[in-house]
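K.L.:
The structure follows.
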Protein chains: 2
Amino acid sequence: MTTEFTLRQVAKATGLSIHTLRYYEKVGLLAPIFRTANGHRRYSAEDIAWLEFLVRLRETGMPIKKVIAFADLVRQHPNEVSERRMLLEEHRNQVKQHLEELTHHLQVIDLKLEHYKQLEATGENDHSCIFWKHHLEKSLE
Amino acid sequence: MTTEFTLRQVAKATGLSIHTLRYYEKVGLLAPIFRTANGHRRYSAEDIAWLEFLVRLRETGMPIKKVIAFADLVRQHPNEVSERRMLLEEHRNQVKQHLEELTHHLQVIDLKLEHYKQLEATGENDHSCIFWKHHLEKSLE
DNA sequence: ATAAAAGCTAGAGTGCGCTCTAGGTCAATA
DNA sequence: TATTGACCTAGAGCGCACTCTAGCTTTTAT
């Protein structure tokens, strides 16, 4: 409330672009930001705190529409926390699951890398190129 | 090579849509798939193996262009594995980093959830709603 | 023999999340 | 006084990754 920040400052602070900050406000990810007499935005520390949480939701894959739904809950039911909790809990579980899938994918990629390293060490050809050869043969018929 | 599969079968096997399979071939994620006399696609077991790895790359966030670059390396340098290894290693590191960021984000979300649970238990209001009030006050001036 | 189901291509359309442009105001600096 | 630079709005444009349509042929089931 006391200290207020310009668009430019907030862009620098959050890592979001100036364009994105205006866009986020336009679509309702942010409540309307306070304006000076000439219409320029002034962000409060609380605005920045919300932006930081919002970015976390986005970076964990929450679609913009769902973040808007979350923001709307705060606006419409500021004293009712349970709906927000449920929405966030659902998201948390999705992130958790995604995390587990990624971990598994990483293991497979690591296996493939191990395989490559062995091939490089022994100077052998990649076995999987057979599959490409098959197409070459066919196209030469 | 021996057993071959129809478009429909491969869609079911990989979880990709029929449209997507044709699209992937068109843009070069797959080498041209073998065709029957009437022009219908017939996928080999190797095609499916590559599709499965490809899906893993996509699901770990590798952009299509980069997957194409990877596929091109196999086609152009089937005996040279080191470039492929480097590309894949770079991707692996990005996935690892992403995984760590996600883990951190998850912790913050869990903290927020803890906070919500406490509020629900004590029946208190969410402190963060102050930030929304600020805007309401301003709009009433 | 005919209808339904599966396949084909080229290319248009969609949804998401920005990102940029045009055309303007206002304040401070050279 | 003129110009630079930060800001404003409305709305157009873009890149990605599909997804679907139109109009056609072929195959399979009844």
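K.L.:
What residue, of A:LYS26, A:LYS65, is within 14 Å of DNA strand D (Cβ to nearest atom), surrounded by fewer than 16 Cβ atoms within 10 Å (Cβ to Cβ) and part of a helix (DSSP H, G or I)? Write out each step before concluding.
P.N.:
Values: A:LYS65 fails: within 14 Å of DNA strand D (Cβ to nearest atom).
Going through A:LYS26, A:LYS65 in turn, just one is within 14 Å of DNA strand D (Cβ to nearest atom), surrounded by fewer than 16 Cβ atoms within 10 Å (Cβ to Cβ) and part of a helix (DSSP H, G or I): A:LYS26.
K.L.:
Now for a separate question. May I ask you to list the residues in the stretch B:8-33 that are in contact with a strand residue (DSSP E or B) (Cβ under 7 Å, 6 or more places away or on another chain) and either within 11 Å of chain A (Cβ to nearest Cβ) or near DNA strand C (Cβ under 8 Å from one of its atoms) (or both)?
P.N.:
Within the stretch B:8-33, just B:ILE33 meets the criteria.
K.L.:
Here's a follow-up. Given the residues A:ALA13, A:ALA49, A:ALA45, which is the only one that is more than 20 Å from the chain's Cα centre (by Cα) and small (Gly, Ala, Ser)? Steps first, please.
P.N.:
Numbers: A:ALA13 fails: more than 20 Å from the chain's Cα centre (by Cα); A:ALA49 fails: more than 20 Å from the chain's Cα centre (by Cα).
On inspection, the qualifying residue turns out to be A:ALA45.
K.L.:
A further question follows. Yes or no: the stretch A:4-20 includes at least one residue that is more than 22 Å from A:ILE64 (Cα to Cα) and either in contact (Cβ under 8 Å) with a residue 40 or more places away in the chain or more than 8 Å from DNA strand D (Cβ to nearest atom) (or both).
P.N.:
Yes, that holds for at least one residue.
K.L.:
Checking A:TRP50 against (1) facing another protein chain (nearest Cβ under 9 Å); (2) modelled with pLDDT of 95 or more; (3) part of a loop (DSSP other than H, G, I, E, B): exactly one of these is not met. Which one?
P.N.:
A:TRP50 satisfies all of (1) facing another protein chain (nearest Cβ under 9 Å); (2) modelled with pLDDT of 95 or more; (3) part of a loop (DSSP other than H, G, I, E, B) except (3).
K.L.:
Quickly run through the stretch B:73-85 and pick out the residues that are in a helix (DSSP H, G or I) and either of a type in the set (Lys, Arg) or surrounded by 13 or more Cβ atoms within 10 Å (Cβ to Cβ) (or both). Give the steps one after another, and end with the answer.
P.N.:
So the first thing to find is which residues in the stretch B:73-85 are in a helix (DSSP H, G or I), and the list is B:73-76, B:82-85.
Within the stretch B:73-85, B:LEU73, B:VAL74, B:ARG75, B:SER82, B:GLU83, B:ARG84, B:ARG85 meet the criteria.
K.L.:
Quick one: is A:ASN79 away from DNA strand C (no atom under 13 Å from the Cβ) and farther than 30 Å from A:GLU101 by Cβ? Break it down stepwise before answering.
P.N.:
Numbers: away from DNA strand C (no atom under 13 Å from the Cβ): yes; farther than 30 Å from A:GLU101 by Cβ: yes.
Considered against the rule, which asks whether it is away from DNA strand C (no atom under 13 Å from the Cβ) and farther than 30 Å from A:GLU101 by Cβ, A:ASN79 comes out as yes.
The values are calculated or read from the model by the stated rules, or taken from the named source; none is laboratory data. Everything numeric in this text was worked out from a predicted model, so none of it was measured. As a convention, Cβ positions derive from the backbone with ideal geometry for all residues, glycine included, and neighbour counts pool all protein chains shown.
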